[in-house]
Amino acid sequence: MNFNEIYQAAMDVVNYTAASRNGVIEPGTTICVLVTATGRIYNGVSRPNVHAEIEAVRNMQAYGENAVTTLILVDANSRLALLPCVNCLNYILTLSPTNYNAVVAMPDRPVPFGEILQNNNGAAMSMQFNSGQVSRGTMSAQVSSMVISGRAKGGVLKDKVGGLMKVASELEDEDDDLIEELRDAALEKEKKEGKKGLFGLFGKK
C-alpha cells in the first residue's frame, strides 16, 4: 500500500471521527492506521493518556494479528503526517520479529521503524510533514533526512525541531505508564501460559 492509499484510509477515519463528534476534534487528537502482513487495515484514535498507535494495536490484536507492514500517524486537525512515538514503535517491535521491517508512511518516503529507532538512539521524535502541500523528494525529504539523522543545521530549524521534540516528549511521558502496564501484563501472561513473546496480549474484547 503506497502513501496516498494509506493516507486516504487515515483521512476516512478522520472524517468519521469528526462526524461522530459534531465536527469538533480536540487539539492533539491523532489517528493511526496499521496495515498487517495479511493485508488487513486497523485503526486507532488517541484518547487521554493513550496514543493512537496503542489503540490501533489493540484493535489489530483483537483479531489475532501481530505482524505490521506499514503504519501511518496523522494529526486529526491539521491532517499532517507524523513520525510516531518511539515508545510505541518499541512496543510494536515486541509483538513480532518481522515488525522490525515495517515502515512509517511519510510523504517523501517510507521510513523503516529500525531507522527511526537507530538514528534517534531511543529518543522521542515527532516531526510533522504537510502531506497535502509538500511533494515527494523536495523539501520534505531534506527535512526528514536532517531530523532523523539529528544533523539539522541552522538556528531557525534547530528551534523548530527543539519545540517539536519538547511536545513529543510530553506526549510520550503520558503513555509511559500505559506501555509499562502492557509489558507487565504480557510477562504475567507468559509466565502463566509458559509461552515466549507477547502475542495475543489483548485478545478479543
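Since every read-out is calculated from the coordinates, none of them should be taken as a lab result. Note that the structure is a prediction, hence the values are computed from the model and not measured. Positions of Cβ are backbone-derived with ideal geometry, glycine not excepted, and every protein chain shown enters the neighbour counts.
Please give the FRET efficiency for N77 paired with N4, using the beta carbon to beta carbon distance and R0 = 30 Å, rounded to the nearest 0.05.
Working from the Cβ atoms, E equals 0.90.
How far apart, in nm, are two points set 7 Å out from the Cα along the Cα-to-Cβ line at D12 and at N49?
With each label point 7 Å from Cα toward Cβ, the separation is 3.3 nm.
Among residues other than M11 whose Cβ falls under 15 Å from its Cβ, what is the net charge (Lys/Arg +1, Asp/Glu -1)?
The answer is -2.
Order of 74-85, 44-55 by packing, highest average Cβ count within 10 Å first?
74-85, 44-55
For L83, which sequence-distant residues (separation of 5 or more, or a different chain) have an amide H within less than 5 Å of its own amide H, given hydrogens modelled in the peptide plane?
The answer is M127.
Obtain the nm distance between the two label points defined at Y100 and A37 by a simple spin-label model: each point lies 7 Å from its Cα along the Cα-to-C-beta direction.
1.4
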